[in-house]
Amino acid sequence: MSDIDNLRDRIDRITFDILKLLKERNDTAKEIGNLKNNMGLGVTNEQRENQLRSKVLSLCNEIGLDERAGLTALNFLLNESIKVQSTGKQTHLSVFLKAKELERQGRKIIHMEVGEPDFLPPASVKEALSEVYDMGYTKYGDSKGMADFREALSQHVTRIFGTKTNPQNIMVSPGARFSVFLAVSSLLSPGNEMIVIEPAWPAYRDNALNSGVKVRTIHTTLEKGWEPSPEDIENAVNQNTRMLVLNYPNNPTGKILPEKLLGQIMEIASRNNLYVLSDEIYSSYAFKKWKSVLSYEYDKSIVTQSFSKSHAMTGFRIGYAISEPETVDRMARLQALALTNVSEPIQYVAMKALGADTTDNSKAIKSRLEAVVRRAREIGLEFIEPDGAMYVFARINRPQFDSVEFTNKLLDYGVAVAPGEGFGNYQGFVRISACQPEETLNQGMDIIEEAVKGQK
Ligand code: PMP
């Protein structure tokens, strides 16, 4: 055999050894996952990952492997473990689907699990829907969105958030969810890291996993008012970190960060040249002083917005992202690949909705939240009053409490809530959403009270 054949033979053997070891590693991770499950522990364990990370760095130095290559390979392995351990986790969506199935069987369910306002979209939407056919919006269009709509959105953003925004800064998307997907998938590469402050909407983590990106979790607690520690964020940054995700007002806690803390976090992001993905979908439900990340005029920020919550248009699937033109271009290339362009009739309808006054929606959610807060206090749930959004994230203070078991039991009694574990390591918590009329919410809270007190 020639030299090259010998070497190729060796490469084959090394590859097979790596794959055999990967299989052994995944099987072991699965066993650990089963134990964690039995012990009521969540999948993520940052402390444990950090221990392994520093051992890997020492090994890299010892054997002369580039640190970045070592950490990228480790991130791949850690994500493999997360995938094998994450099967069967319950989220607000899985509860919603179960609730829908029960309704099909004729059961009546009070929906306090999903974040979907029950109001109608603005009246201008109905009018626009009847006009759109004759307006001729029936063809393919620009992947970044219709010129008129981008212009209208840029003026709206400039007026509402006070930061000068141009049409080139806007990318129309089918909902904030898709903007988040585009940002993670087009701006990050496999092996990169993204910092997520938990509890968090699960899609940030799931998008990262889908793109081979490693999530670094910043755990926050009810005791500390859901405020992340800047030191924790700083310590999570390494040479692979590319993005920090923010979501205030927050789903599920309703938290709005104090301005000083937000400023500190933005400073860390800017010093480390990180993208800041700020999901501001609940900005019209901010009931305390709130500031958009746009006001920092940071060139690596991507702000996501949507008509889903503010205009009660969840089913229309329409939203937009605001960023620098180069970032918009990168995201739009993936959007063009995935869906050519967002449906123009829907863009037209949303453009007409933009002028509607939605303050009644905000007032209704505020007073419904207050009603849930009142009842939650009477019941003795542990939580901090939300500053915004549409949810109360509460701990049920009972020994051995399991939110998944509790959520399933409540579903049997006709109330759907979201289990805390869908938002991170928060097994003792549930998210109660305030998107129903007050009377319905009160009925739901009565049933929750009986279940908490063990009368059911
Ligand atoms: N971001 C957050 C924080 C959300 O809670 C949701 C929906 N629950 C979304 C984005 C998705 O919004 P959209 O309907 O615009 O895709």
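Which log10 I(q)/I(0) values, to two decimals, does segment 96-225 give at q = 0.09, 0.12, 0.17 Å⁻¹ under the Debye formula with one point per Cα? Per q value, in the given order, log10 I(q)/I(0) is -0.48, -0.84, -1.23. For segment 398-456, what does the alpha-carbon gyration tensor say about shape, rounded, prolate or oblate, given a ≥ b ≥ c as the root eigenvalues, a/c under 1.5 as rounded, and a/b over b/c as prolate? Oblate.
Computed over the chain, the P(r) tail beyond 44 angstrom holds 16 percent of alpha carbon pairs. Take the alpha carbon gyration tensor of segment 201-302, find the square roots of its eigenvalues, order them as a ≥ b ≥ c, and report rounded if a/c is under 1.5; if not, report prolate when a/b exceeds b/c, else oblate. Rounded, since a/c falls under 1.5.
Within segment 3-85, the ratio Rg/Rh, alpha carbon atoms throughout and Rh by Kirkwood, equals 1.07. Sites count as exposed loop sites when they are GluC sites (Glu not before Pro), lie in a DSSP loop, and have at most 10 other Cβ atoms within 10 angstrom; the longest stretch of the chain without one is 1-222. Between residue 7 and residue 377, the C-beta separation translates, for a Förster distance of 56 Å, into a calculated FRET efficiency of about 0.20. Backbone amide hydrogens, once placed in the peptide plane, bring residue 165 within less than 5 Å of 158, excluding anything fewer than 5 places away on its chain.
Total lysine pairs in segment 249-392 at Cα distances under 20 Å, for residues eight or more apart or on different chains: 23. Please sort by residue number the trypsin sites (Lys or Arg not before Pro) in segment 184-256 whose DSSP state is loop and whose Cβ has at most 14 other Cβ atoms within 10 Å. Taking segment 184-256 and a limit of 14 other Cβ atoms within 10 Å, the loop trypsin sites (Lys or Arg not before Pro) found are 224.
Amide H contacts under 5 Å for residue 302: 276, 277, 278, restricted to partners 5 or more places along the chain or on a different chain, H placed in the peptide plane at 1.01 Å from N. In the chain, taking the dipole from charged Cβ atoms about the Cα centre, the farthest positive-side position among 295, 411, 367 is held by 411. Fraction of C-alpha pairs exceeding 14 angstrom in segment 266-324: 58 percent, rounded to a whole number. Two tests apply to each whole DSSP H helix in the chain, Cα reach of 15 Å or more along its axis and mean Kyte-Doolittle hydropathy of at least -0.5, and the ones passing both are 67-85, 92-104, 123-135, 147-161, 176-187, 259-271, 325-339, 438-452.
Listed by chain and number, the aspartates and glutamates placed with their C-alpha closer than 17 angstrom to that of residue 224 are 198, 232, 259, 382, 385, 387; residues fewer than eight positions away on the same chain are left out. Basic side chains Lys and Arg get +1 at the Cβ, acidic Asp and Glu get -1 at the Cβ, and with that the dipole of the chain about its Cα centre reaches some 440 debye. Basic side chains Lys and Arg get +1 at the Cβ, acidic Asp and Glu get -1 at the Cβ, and with that the dipole of segment 3-85 about its Cα centre reaches some 360 debye.
Quick note: the coordinates plus some simple rules give every number you see, no bench work behind them. These figures come from a predicted structure and were not determined experimentally. Glycine gets a Cβ as well: all are built from the backbone with ideal geometry, and neighbour counts include every protein chain shown.
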